[in-house]
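Structure, as structure tokens:
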Amino acid sequence: MSSLIIRSLLLVSALLAFETAVHAQTETLFDASANPSELQTFRVDGLQALANATIYDAKTLTRGGAPLGGLGTGYITFEPTGRLGLMTVLNNYPQGVTPNSPFFRLQTDGQDYSLATPVEGSNENCAAESADYFGHFPVVDARLNLTIPFGFECRAFYPLLPGDYEASNTPIVFFDAYLSNKSDEPKAFRLIFGPYGFPVGEIDDYREGDWAVFQTTHQALNTPPGTIANYALGVLGEGGKTEHGTAVYEGTLAPNERRKISFLLAWYEPYVRENSGRVETNYYATRFESAKDVVRKSIPKKDEWLERVLAVQDVIYSSHYPNYLQEQLINIPTAVTKNTLWFAKTRPDDWFSSKGLVLVSESLIACPLLDTLPCRYFGQWYQLFFFPDLQRMSLETTRYFQLRSGEPPFSTGQFAIRDPRYHCQHTNGSGEYAQMIYHYYLRTGDKAFLDEFWPSMKSAIDFMNSLDVDGDSLTEDHPHNFRTDDYPANVPMDQWPFYGVSSYTAGKCLAALAIGIQAAEIEGDLETANEWRKRLEKGKKRYDEVLWNGEYYDVYVDEKSGRKNDACLSCQLSGLWSVGIVGLPSPFDDDDKIQKAFDSIAKLNLHASPFGMVNAVYSDGTICVEGGFPHSPWSAGNFIQCNAMTAGAFLYNGRREEGLTTIKDSLDTIFRGPIPLPWSQPCGLDMKTGGSCFGFDYLDHVISWTYPLLYDGQSIQEAVVEGGFIQSILDAAQSKEENKE
């Protein structure tokens, strides 16, 4: 990719609503300055509510700024430095490329400046010495503080709109640049938009109404010879033109004048080669024919799209949820857009429908397995609430690859869609799949769906029950690691094997059984419901007999070998989250023991690190060191999904202070810790450094979209009612025409 010298992907630059009026220099996109250690409240242009967010400088975000892109489109990253960071829009999956080139240049007074902060080893003439950076996904507002007598801000945004499948699958990003003259004399200038880092190709200049546009057509990357892709760049209005693969705006600013110059970047890269060697077609290619087509259809929608994006954010920022939670709810959908692929049905023997195939990686950056079942379980919530049709596509894929034994696939493969994997984390995965079916039913109220999926759900739970090898109604863990190897551990803490019965796995399986009983009764399958009810009652008693140590439930106990880990596991009561989120009672037998276990978790785990709740701590306060990498054992970290389930267990069971502390400490570390990771949230947090214990861009963090339910004590069904928070967001995202209807 280093040989790619040129320009932006489908860059379409447009001057929209060209402003000639003189504005006061105090006008700004957001009324705050960089302070990476503080959660601030401030005014934002276009928002009615005050925003609650962290403002970053140009140097703090070592893992990158906010991505801009949608569902199955790929993304670009607008860095705090003013540069183009990691991008996947050229279908250069799974890792992407990082051109690190400035988006904008400014020519004035005979000088050519990069509107970016300097990078080591570069000989660029950089005009920016610092930055104030505010990401409120899918919007980035950036202020570059220049050493020349100009002011520069930019708002970049993508039309990710809850409930609007087409807008959210449009390969386009808009840029509104604000250039101001801070001198006491007129200043002539040329503002140039066109970051380097895209393929060279044939340039076709054309006009789209009042726009001057060019489209560059090039050979598609990593696909068979002869396939093409393209991107386009344009500029609208007097003073705008295309020039040598860039969009240029020429003008003169009066003293103290601040002018808005709007740009747009779009792309058309239709083909993706997955690891089996097959080439798939991005779903957006069924709606667009070229970059020109994307430009033509998107230009009229730009202002309305931004208005609707900000309307959604107004709902969140004006909500009753804590400010630290608002910040996460706004930004965590980045994990969905970074990791989502949406392919079109192009072959008659494809198993999926004409709506296409949606697959979500657990992390394309760190572990590009597609539709990893445990990660989908924790990361399904944004799609479940706001794009349920896409969630159904995922469930249909899992059902398609489900074995006759009832075992669902762990994933569809390593960046592959036809290479399903099995016998990995299957002790949890089968029950998680069954629960997701029930989640979808509660979200949609679609009884026909439950009727259709009931055989698959029942089969998955039967498989889960079959993993109880000693017949005591508790599902044992089955770690397939070899001797002293840690992987595969077969629990969500990948490299931390559990042996015998674990509080985590057995507890979650009891919860899945309770949910299965409820579904069986809805389906009228009373024989299955009665059979499972007997199993649940026996399992509840054995759970206490095997795991209870007088203060809490052990991590695991293998009665046959005598091996056990008697540390206090933060997520030992995760089954309470599983049933709470669907409005069912506890799957455990003794509430006094539950409350005592909560006391132990609050005492031992909750404050064991300044960066959040530690996964496992012994009764004397010593942190457990077991599993994982030598430098970062899983037991001593903070797995985000475990943190969230523990918060839910607390909140659904009257332990509000501990539950909210669990959430807040984790989010404070992610956004304002020693190594802020707001748009690259990791698999887990290292409790010594506050950074990542493994990987980045993990889908699991989307479990944060259950926090509003936990905060309000709601089930899925209660949360999606008319007038509720979820529906208010969907209403705010609607177009003017939809609102009229």
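The values are calculated or read from the model by the stated rules, or taken from the named source; none is laboratory data. Since we're looking at a predicted model, the values are computed, not measured. Note that each Cβ is placed from the backbone with ideal geometry, even for glycine, and that neighbours are counted across all protein chains shown. Just so you know, the surface numbers come from the protein's heavy atoms only, side chains and all, with ligands and any DNA or RNA stripped out. Shrake-Rupley method; radii C 1.70, N 1.55, O 1.52, S 1.80 Å.
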Helix 591-604: inclination vs the chain longest Cα principal axis, degrees, rounded to 10, gives 50 degrees
Scanning the chain, every Cys lacking a C-beta partner under 4.7 angstrom -> Cys126, Cys154, Cys367, Cys375, Cys424, Cys509, Cys568, Cys624, Cys683, Cys693
By the C-alpha gyration tensor axes a ≥ b ≥ c (rounded if a/c is under 1.5, else prolate when a/b exceeds b/c, else oblate), the shape of segment 260-361 is oblate
For the chain, the accessible surface attributable to carbon and sulfur atoms (probe 1.4 angstrom, ligands and nucleic acids excluded) amounts in percent to 47 percent
Phi angles of segment 520-527, converted by Karplus (6.51 cos²θ - 1.76 cosθ + 1.60, θ = phi - 60°) into ³J(HN,Hα) in whole Hz with x for Gly and Pro, give 4, 5, 4, 7, x, 8, 6, 4
Using a 1.4 Å probe on heavy atoms of the protein chains only, the accessible area for Ser37 in Å², nearest 10, reads 90 Å²
In this structure, among Lys508/Lys593; Lys538/Lys564; Lys534/Lys564; Lys564/Lys688, pairs with alpha-carbon gaps over 20 Å are Lys538/Lys564; Lys534/Lys564; Lys564/Lys688
Per the rule of 0.36 nm per residue minus the C-alpha distance, extending Glu202 to Phe629 adds in nm 148.8 nm
So the FRET efficiency between Tyr400 and Asn123, C-beta based with R0 = 41 Å and rounded to 0.05, is 0.15
Length-normalised contact order of segment 455-512, Cα under 8 Å, at least 6 apart, in percent, tallies to 27 percent
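Based on the alpha-carbon gyration tensor of segment 641-741 and its eigenvalue square roots a ≥ b ≥ c, which shape applies: rounded if a/c is under 1.5, prolate if not and a/b is larger than b/c, or oblate?
Oblate is the answer for segment 641-741, as a/c is 1.5 or above yet b/c matches or exceeds a/b.
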SASA check, His607, accessible area w/ 1.4 Å probe, all protein chains in place, rounded to nearest 10 Å², comes out at 120 Å²
Phi angles of segment 685-693, converted by Karplus (6.51 cos²θ - 1.76 cosθ + 1.60, θ = phi - 60°) into ³J(HN,Hα) in whole Hz with x for Gly and Pro, give 9, 7, 7, 8, 10, x, x, 7, 8
Taking every C-alpha to C-alpha distance in the chain and binning by 10 Å from 0, the per-bin percentages run 3, 15, 25, 25, 17, 10, 4, 1, 0
In Å³ per residue, the alpha-carbon convex hull of segment 214-310 encloses 152 Å³
The set of residues whose placed amide H lies less than 5 Å from the amide H of Gly673, leaving out same-chain residues fewer than 5 positions away, is none
In order over segment 64-75: 3J(HN,Hα) from phi, Karplus 6.51/-1.76/1.60, θ = phi - 60°, whole Hz, x for each Gly or Pro, gives x, x, 7, x, 10, x, x, 7, x, 9, x, 8
Shape call for segment 409-536, from the Cα gyration tensor axes a ≥ b ≥ c (a/c under 1.5 means rounded, otherwise prolate when a/b beats b/c, else oblate), comes out oblate
Here, Arg418 and Arg190, labelled 7 Å along Cα→Cβ, have an inter-label distance in nm of 5.1 nm
Rg/Rh of segment 590-699 (Cα atoms, Kirkwood Rh), to two decimals, equals 0.97
SASA check, Lys292, accessible area w/ 1.4 Å probe, all protein chains in place, rounded to nearest 10 Å², comes out at 60 Å²
Among Gly277, Ile601, Leu709, the residue whose Cα sits farthest towards the positive end of the charge dipole of the chain, when +1 is placed on the Cβ of each Lys and Arg and -1 on the Cβ of each Asp and Glu, is Gly277
Longest principal axis of the chain (C-alpha) makes with the long axis of helix 302-317 (C-alpha) an angle, in degrees to the nearest 10, of 40 degrees
Distance in Å, no decimals, from the C-alpha centre of segment 65-134 to the one of segment 386-441 is 37 Å
Regression test value, accessible area per residue of segment 24-94, probe 1.4 Å, units Å², expected 32 Å²
To the nearest Å², the heavy-atom accessible area per residue of segment 348-463 with 1.4 Å probe amounts to 27 Å²
Which residues qualify? For Ser619, with a placed amide H closer than 5 Å and at least 5 residues away or on another chain, they are Cys568
Sorting Asn222, Phe193, Ser503 by the position of each Cα along the dipole of the chain (Lys, Arg +1; Asp, Glu -1; all at Cβ), the one nearest the positive end of that ordering is Asn222
So, relative contact order of the chain in percent, Cα under 8 Å, 6 or more apart, is 12 percent
Order by accessible surface, 1.4 Å probe, largest leading, for residues Thr346, Thr242 comes to Thr346, Thr242
If unit charges are put on Cβ atoms (+1 for Lys and Arg, -1 for Asp and Glu) and the dipole of the chain is taken about its Cα centre, the option from Ser586, Ser318, Ala128 lying farthest towards the positive end turns out to be Ala128
Sorted by chain and number, the residues with a modelled amide H under 5 Å from that of His136, at a separation of 5 or more or across chains, are Asp141
Segment 659-732 accessible area per residue, 1.4 Å probe, protein heavy atoms, integer Å², reads 27 Å²
Computed from the beta carbon distance with a Förster radius of 22 Å, FRET efficiency for Glu452 and Trp351 to the nearest 0.05 stands at 0.90
Rounded to the nearest 10, the angle in degrees between the Cα long axis of helix 640-652 and the longest principal axis of the Cα atoms of the chain comes to 60 degrees
